[in-house]
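Reading through the structure tokens given below for one structure.
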Amino acid sequence: MNAFHTLGGIGSKQVVMRITAGVFSALFATVQIFLFSTSPTAAISVDAEKKCRDMAIKAHMPGKPYAQAERDFFRQCVAKNGQMEYTDAASVLYEPKTTVRTEDVRTSTLLQMETLNMDRGAPILIRIYKEENTLEVWKRDRTGKFALLSAYPICKYSGHLGPKIFEGDHQAPEGFYDITPDQMKSDRYLAFDIGFPNAFDRSLGRTGSFLMVHGGCKSVGCYAMTDYAMDEIYGLADEAFGAGQEKVQLEAFPFRMTTQNLARHTDDPNMPFWQMLKTGSDAFLTTGRPPTVAACDQHYVFNAAITDKDCDPAKEKATHIASHVPRWGVWLAADLEENRAWAIYHERQKRFASLIGNREPIVLLRQIPGMGRAKRYVITIADDNRAPLDDLCKKFNAANATCDVLQNSRGD
């Protein structure tokens, strides 16, 4: 049977319908090629065109219909001969809105939590890298360590590499900051106050206020995200606070704190400051847990066993009291006076050095049930995972020393 016999069997009406559908399909393909291939500039390489097309698909932001957003980004990317990055998408596509936005943790992120063995409400930590235009959200997994959950392109930050010095210098801060629930804002854009100046900044006389991470894609001293990214960042923080996290540590760096990156900036006057930041960054990456942060003698001090209460000139509560409190602890010493608590701890450490090993203690200021309302300084070996502490207590008990694993309270 040849093609003509086949057509005869189908019928003339169906033939017309099939031919018409084929014409429309070809016309649609031609229109697609036209929309994604024409530009006001000369033709570019196939590789550059493919790069622009791939980024155009990813570049959609709220504010424009999806097809129009892709098309606009593609044309502007081609106009720049492919020399355009995904982080430029917001400036091309983004149209700021004044309406209140609502936070949203996306399904893909929830699936990633399951893949990484994380509870949805587990604590988070935020890291910012200026040079890489990246904000990362790290989240605690079920082993008690933090792992990278998501990374977001920073739409805009103010100033250049280096810390914020004074009000009005249009610099985005660098350093270690704590975010609490009362620093979360949702009036115009979703946002949270970084907490600048912190104790370290104040010790150097640095000034500034209302330094934020926010949506809106415009910055005067802040870190500005697209609303699309800020929806999820805000949602992740809000869920962690709702599940009991008291403070979210935010670590803001000039760049990824590698030895190679520091070597590129050897002559920069900010190098001593950046070397301090690297110490804190390494403390987190080595242990997988947020370091305790103190300000002493105009320096950051990380995971310090003892620091001077008067290091913070603002005379706030002692900055060495742990801000991140792991869930479980072996309380090795407690007293109304901190010096006596440490004396008790060091005496016990000498006796059981082989058991305690290199585990770093943390300091809590807590009421102890059955011992009145006065708070005591508690020196404890703490962990979010109970298993290693149970093993430690078994060894203590075998050595005829009383030991119990207690659940640490989250509040002061």
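The values are calculated or read from the model by the stated rules, or taken from the named source; none is laboratory data. Computed from a predicted model, the values in this text were never measured in an experiment. With ideal geometry, Cβ positions are generated from the backbone for all residues, glycine too; neighbour counts draw on all protein chains shown.
Evaluate the following for Gln249: is it in a helix (DSSP H, G or I) and either within 17 Å of Tyr177 (Cβ to Cβ) or out of contact with any Cys (no Cβ under 7 Å at 6 or more places or on another chain) (or both)? Write out each step before concluding.
Values: in a helix (DSSP H, G or I): no; either within 17 Å of Tyr177 (Cβ to Cβ) or out of contact with any Cys (no Cβ under 7 Å at 6 or more places or on another chain) (or both): yes.
It is false that Gln249 is in a helix (DSSP H, G or I) and either within 17 Å of Tyr177 (Cβ to Cβ) or out of contact with any Cys (no Cβ under 7 Å at 6 or more places or on another chain) (or both).
What are the residues in region 212-250 that are in contact with a Gly (Cβ under 8 Å, 6 or more places away or on another chain) and either under 17 Å from Glu174 (Cβ atoms) or without any contact (Cβ under 8 Å) to a residue 24 or more places away in the chain (or both), if any?
Gly221, Ala224, Leu250, listed by residue number.
From the list Leu336, Leu389, Leu364, pick out the single residue that is modelled with pLDDT of 80 or more and either farther than 25 Å from Arg289 by Cβ or assigned by TED's automatic domain parsing to the domain that holds Met118 (or both). Working first, answer last.
On the way: Leu389 fails: either farther than 25 Å from Arg289 by Cβ or assigned by TED's automatic domain parsing to the domain that holds Met118 (or both); Leu364 fails: either farther than 25 Å from Arg289 by Cβ or assigned by TED's automatic domain parsing to the domain that holds Met118 (or both).
That would be Leu336, the only listed residue that is modelled with pLDDT of 80 or more and either farther than 25 Å from Arg289 by Cβ or assigned by TED's automatic domain parsing to the domain that holds Met118 (or both).
With the structure loaded, tell me whether Leu262 is in the same structural domain as Leu149 (by TED's automatic domain parsing), surrounded by fewer than 21 Cβ atoms within 10 Å (Cβ to Cβ), free of Cβ contacts under 8 Å to residues at least 40 places away in the same chain and in contact with a Lys or Arg (Cβ under 9 Å, 6 or more places away or on another chain) or whether it fails that test. If you could, list the steps in order and put the result at the bottom.
On the way: in the same structural domain as Leu149 (by TED's automatic domain parsing): yes; surrounded by fewer than 21 Cβ atoms within 10 Å (Cβ to Cβ): yes; free of Cβ contacts under 8 Å to residues at least 40 places away in the same chain: yes; in contact with a Lys or Arg (Cβ under 9 Å, 6 or more places away or on another chain): yes.
Judged against the criteria, Leu262 is a match.
Just checking, how many residues over region 180-202 are part of a strand (DSSP E or B) and over 19 Å from Lys130 (Cα atoms)?
Within region 180-202, the first condition is being part of a strand (DSSP E or B), and the residues that meet it are 184-185, 191-193.
Filter once more, so that each one left must be over 19 Å from Lys130 (Cα atoms): 184-185.
The number of residues fulfilling the criteria is 2.
How many of the residues in region 176-216 are in contact with a Phe, Trp or Tyr (Cβ under 6 Å, 6 or more places away or on another chain) and of a type outside the set (Val, Ile, Thr)?
Looking only at region 176-216, we keep the residues that are in contact with a Phe, Trp or Tyr (Cβ under 6 Å, 6 or more places away or on another chain), and these are 179, 181, 183-184, 190, 194-195, 198, 200, 207-208, 211, 213-216.
Those left that are additionally of a type outside the set (Val, Ile, Thr): 181, 183-184, 190, 195, 198, 200, 208, 211, 214-216.
Selection size over region 176-216: 12.
Taking region 167-210, which residues are buried (at least 23 other Cβ atoms within 10 Å of the Cβ) and of a type in the set (Ser, Thr, Tyr)?
Tyr177, Tyr189
Taking region 360-404 as the search range and keeping residues that are among the β-branched types (Val, Ile, Thr) and surrounded by fewer than 18 Cβ atoms within 10 Å (Cβ to Cβ), which one is farthest from Phe146 (Cα to Cα)?
Initially, region 360-404 is screened for residues among the β-branched types (Val, Ile, Thr), giving 362-363, 368, 378-381, 402.
When the remaining residues are screened for being surrounded by fewer than 18 Cβ atoms within 10 Å (Cβ to Cβ), the result is 368, 402.
Working: Ile368: 29, Thr402: 31 Å.
Top of the filtered list is Thr402.
Could you check region 132-164 and list, in sequence order, the residues that are of a type in the set (Gly, Ala, Ser) and in a strand (DSSP E or B)? Reasoning before the result, please.
Going residue by residue through region 132-164, those that are of a type in the set (Gly, Ala, Ser) are 144, 147, 150-151, 158-159, 162.
Within region 132-164, Ala147, Ser150, Ala151 meet the criteria.
For region 387-397, check the following and say yes or no: at least one residue is under 33 Å from the mean Cα position of the chain (by Cα), assigned to a strand (DSSP E or B) and of a type outside the set (D, E, K, R). Even if it seems obvious, please write down each step before you answer.
First, pick out the residues of region 387-397 that are under 33 Å from the mean Cα position of the chain (by Cα): 387-392.
Narrowing the set further to residues that are assigned to a strand (DSSP E or B) leaves none.
Checked against the condition, which is being under 33 Å from the mean Cα position of the chain (by Cα), assigned to a strand (DSSP E or B) and of a type outside the set (D, E, K, R), region 387-397 yields no hits at all.
Search region 368-385 for residues being within 17 Å of Asp404 (Cβ to Cβ) and assigned to a strand (DSSP E or B), and hand back the single one that is farthest from the chain's Cα centre (by Cα). Walk me through it before giving the result.
To start, the set of residues in region 368-385 that are within 17 Å of Asp404 (Cβ to Cβ) comprises 368-371, 376, 378-383, 385.
Still in the running and assigned to a strand (DSSP E or B): 376, 378-383.
Working: Arg376: 33, Val378: 30, Ile379: 29, Thr380: 28, Ile381: 26, Ala382: 24, Asp383: 21 Å.
This residue is Arg376.
Out of all the residues in region 211-234, which are of a type in the set (D, E, K, R) and buried (at least 23 other Cβ atoms within 10 Å of the Cβ)? I'd like the intermediate steps shown before the answer.
Here is the first cut: in region 211-234, the ones of a type in the set (D, E, K, R) are 218, 227, 231-232.
Within region 211-234, Asp227 is the sole residue that qualifies.
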